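The values are calculated or read from the model by the stated rules, or taken from the named source; none is laboratory data. Predicted model, so just to flag it, every value in this text is computed and none were measured. Cβ atoms come from the backbone with ideal geometry, glycine included; neighbour counts cover every protein chain shown.
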Amino acid sequence: MLQILTSRGALQSVPMTPDAEGGRTTTPEKFDGRVALVTGASSGIGRATARALAAGGAQVIVADVDLDAGEDTARAIRAEGGTAHFIACDVADPEQVRALLERTVATCGHLDILINNAGISGGAQRLHELEVDDWDRVMAVNLRGPFLCAKYALPHLMDRRGTIVNVASTYGLIGAPQAPAYCASKGGVINLTRQLAVDYGPSGVRVNAVCPGYVDTDMGGQRGRLPPQQAAAALERRESNAARQPLGRQAHVDEVARVVVFLASGASSFMTGSIVTVDGGCTSTFNYN
Ligand SMILES: NC(=O)c1ccc[n+]([C@@H]2O[C@H](COP(=O)([O-])OP(=O)(O)OC[C@H]3O[C@@H](n4cnc5c(N)ncnc54)[C@H](O)[C@@H]3O)[C@@H](O)[C@H]2O)c1
């Protein structure tokens, strides 16, 4: 038996699960009977993660501000034989997040996995050029979002000894040019990850983060909003930055999703408070740009 601290602060004895035994008795990537909530799952890394969790047997809640793409992700998962529901939610809004968690549990019965993935880059400026509203919006989505989702998810996760995976960034580990709000927000997510690991480990909830480097997504639809020539130039700049990193290319979304799924699974049962880079070596080299 295992002693855990419940959401109501009481000590409770519970049977050892395969998770607590080190994942020895289960196929780690199997999520049958588990419920996963993925924010920002309409596109990019979130969509790839939602698909991978559903392929492993999880019921997946796709949460996003992009309604059409969110419905499309859920439809794609169902077409692949998985179970998914889309719920519209702005993760920066406390009422919407509270309602998201209520609907998740009402729809699926419980919650085992929270993937805090929704994020925005906020454009490229040095700090003295940055508008206060732009700073606030990046902080609201990238840092308040994970706080709010964790706040309303944790009572459910404690009941199930669930897990949280935060999608941070290499930009939260180092200073990157012209990204003051983004770097600060992701640095906040990284230390929030460690702090939550400390407070909720005794309740059986693991909290980890991944730090992707350059990933081949159209983050925030930015390139989509640019005139074609500027969009092509932005893509070229990004690819040439990625080419200077040790692995010499951007990551495919699945290469990040696989690590997120590992951290959400019993295969990582002794990991909590871990900050895992998935960056093609870019934070290992001096040639950072
Ligand atoms: N692409 C990269 O190179 C890269 C690198 C490091 C970290 N990341 C992080 O990965 C995560 C996913 O980014 P991506 O690259 O897949 O970009 P993406 O733009 O494809 O996906 C982000 C998703 O978040 C959603 N979103 C934005 N604001 C939201 C809000 N307020 N509420 C709910 N959903 C919202 C968007 O609609 C979108 O579907 C982000 O947290 C990002 O910071 C990306």
Helices (runs of 4 or more DSSP H) wholly inside the stretch 67-147 containing at least 3 residues that are free of Cβ contacts under 8 Å to residues at least 40 places away in the same chain and farther than 26 Å from Ser203 by Cβ: 67-79, 132-139
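Of all residues in the stretch 211-232 being loosely packed, with under 13 Cβ neighbours inside 10 Å and either in a helix (DSSP H, G or I) or within 12 Å of the ligand (Cβ to nearest atom) (or both), which is nearest to the chain's Cα centre (by Cα)? Reasoning before the result, please.
To start, the set of residues in the stretch 211-232 that are loosely packed, with under 13 Cβ neighbours inside 10 Å comprises 224-225, 227-230, 232.
Next cut, either in a helix (DSSP H, G or I) or within 12 Å of the ligand (Cβ to nearest atom) (or both) only: 224-225, 228-230, 232.
On the way: Gly224: 23, Arg225: 24, Pro228: 30, Gln229: 31, Gln230: 29, Ala232: 28 Å.
Checking each candidate, the answer is Gly224.
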Out of Ala231, Ala184, I need the residue that is over 22 Å from Gly70 (Cβ atoms) and modelled with pLDDT of 95 or more. Which one? Ala184
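Checking the conditions here, which among Val97, Val91, Val138 is buried (at least 20 other Cβ atoms within 10 Å of the Cβ) and out of contact with any Phe, Trp or Tyr (no Cβ under 9 Å at 6 or more places or on another chain)? Let's see the steps before the verdict.
Values: Val97 fails: out of contact with any Phe, Trp or Tyr (no Cβ under 9 Å at 6 or more places or on another chain); Val138 fails: out of contact with any Phe, Trp or Tyr (no Cβ under 9 Å at 6 or more places or on another chain).
Answer to the selection: Val91.
Among what's in the stretch 53-66 and is outside any strand (DSSP E or B), crowded, with 24+ Cβ neighbours inside 10 Å and small (Gly, Ala, Ser), pick the residue that is nearest to the ligand (Cβ to nearest atom). Break it down stepwise before answering.
Step one: of the stretch 53-66, the residues outside any strand (DSSP E or B) are 53-58, 65-66.
From what's left, crowded, with 24+ Cβ neighbours inside 10 Å: 53-54, 58.
Going one step further and asking which of them are small (Gly, Ala, Ser), we end up with 54, 58.
On the way: Ala54: 17, Ala58: 19 Å.
Selected residue: Ala54.
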Applying the selection to the stretch 234-250, what residues are surrounded by 13 or more Cβ atoms within 10 Å (Cβ to Cβ) and either assigned to a helix (DSSP H, G or I) or at positive phi (or both)? Ala234, Leu235, Arg238, Glu239, Asn241, Ala242
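Among the listed residues Leu192, Leu173, identify the single one that is within 15 Å of the chain's Cα centre (by Cα), modelled with pLDDT of 95 or more and aliphatic (A, V, I, L, M).
Going through Leu192, Leu173 in turn, just one is within 15 Å of the chain's Cα centre (by Cα), modelled with pLDDT of 95 or more and aliphatic (A, V, I, L, M): Leu192.
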If Gly175 satisfies all but one of (1) over 25 Å from Gly57 (Cβ atoms); (2) within 14 Å of the ligand (Cβ to nearest atom); (3) of a type outside the set (S, T, N, Q); (4) in a loop (DSSP other than H, G, I, E, B), what's the number of the condition it fails? (2)
